[in-house]
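Here the structure comes first, spelled out in structure tokens, and everything after it is commentary.
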């Protein structure tokens, strides 16, 4: 019996060690995905039109044959992580050659796709990773200011295209009856243009900082306004804040929301503020997404002054900003649509 107990304890210790190692080396998953985007692996596999062998993949990627085995090892990890699939080639000489095929996750690594994460992966450079080396020191300081990479705008635009499609398809009721909408912190206007296209009767405006607006292309469907959301928000039937408030502290969120409240009419007159954000404690039937929310929360902690909020935290900042009611609609996977009224 003692021997069996000892074996069980050893097995549990080995499992614990493996679990810890997985956390220690989890950065390899991120960096491998970044490598895949930089090489264009998903682009090749998706456009090949049929299962592709490793030598074919290496040739199309301009990788020397001496690196084929290294590429195979990278692909093994990417397949294990679920970003590609593979099958056996029964026609190969040994009937055992691996062929790579795309799956539902593969398009996320292609920059030209509406829903992609490539820009976020390319942000994983020394500048964005440096704050993580100093996380323990950060906890002992009042603040740790960190610079943001220019790829943020590209990443947010890509995410906006993806979310806009979902919002229009799944939450169309949110925009019905509106005559005007201001997308606060709307970046280059991707989200506003998608809304204007789906609802031509809605006059859309983007409010963002002068340097962001200056780099955006003008459009007949969307008006661009340079300004500071802490100071003024143009009047409209609705104000949209997509993935903006999680960057800011509760106090700053209240300030922003007060400006938004001033910009929209009352609920009885059809006014509302629309917020698209994560709700950490909301059960949407996908337990595996819980870790994603927690990772985003710690990301906000290190790179900004904000956080991902629970339901009661959202309700509190709306109340503190003078809103009398808010409705949470869990319709966008990780994120929800929150409507606030006064």
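A short reminder: the numbers here are calculations on the coordinates, not readings from a lab. Note that the structure is predicted; figures quoted are calculated from it, not measured. Cβ coordinates were reconstructed from backbone atoms using ideal geometry, including for glycine residues, and neighbour counts include every protein chain displayed.
Quick notes
- Fluctuation leader among 125, 159, 114 - the chain, Gaussian network, Cα springs under 10 angstrom: 125
- Separation of the residue 74 and residue 112 label points, Cα + 7 Å toward Cβ, nm: 2.1 nm
- For the pair the stretch 195-268 and the stretch 61-84, the centres of their Cα atoms are 44 angstrom apart.
- Given R0 = 35 Å, the distance between the Cβ atoms of residue 198 and residue 30 translates into a calculated FRET efficiency of 0.55.
- Going from the fewest other Cβ atoms within 10 Å to the most, the residues 100, 133, 341, 232 appear in the order 133, 232, 341, 100.
- Compared with the dominant Cα axis of the chain, that is its longest principal axis, helix 311-320 is turned about 30°.
- Maximal additional length on extending the residue 132-residue 294 stretch stands at 56.8 nm, based on 0.36 nm per residue less the C-alpha distance.
- Ratio of Rg to Rh over the stretch 240-325 (Cα coordinates, Kirkwood Rh, two decimals): 1.00
- Between the Cα long axis of helix 27-39 and the first principal axis of the chain there is an angle of about 90°, rounded to the nearest 10.
- Over the stretch 2-106, the fraction of Cα-Cα pairs per 5 Å bin, rounded to whole percents and listed from the shortest bin up, is 2, 11, 18, 20, 14, 9, 8, 7, 6, 3, 2, 0.
- Only helices enter the 222 nm calculation for the chain: every DSSP H run of n ≥ 4 contributes -39,500 (n - 2.57), and dividing by all residues gives -13500 deg cm²/dmol, rounded to 500.
- FRET efficiency estimate (nearest 0.05) - Cβ-Cβ, residue 47 to residue 219, R0 30 angstrom: 0.50
- The alpha-carbon atoms of the chain define a convex hull whose volume equals 205 cubic angstrom per residue.
- Packing-based ranking, highest mean first, of 49-55, 199-205 given that Cβ atoms within 10 Å are counted: 199-205, 49-55
- With R₀ fixed at 30 Å, the C-beta to C-beta distance from residue 268 to residue 168 puts the FRET efficiency at about 0.70.
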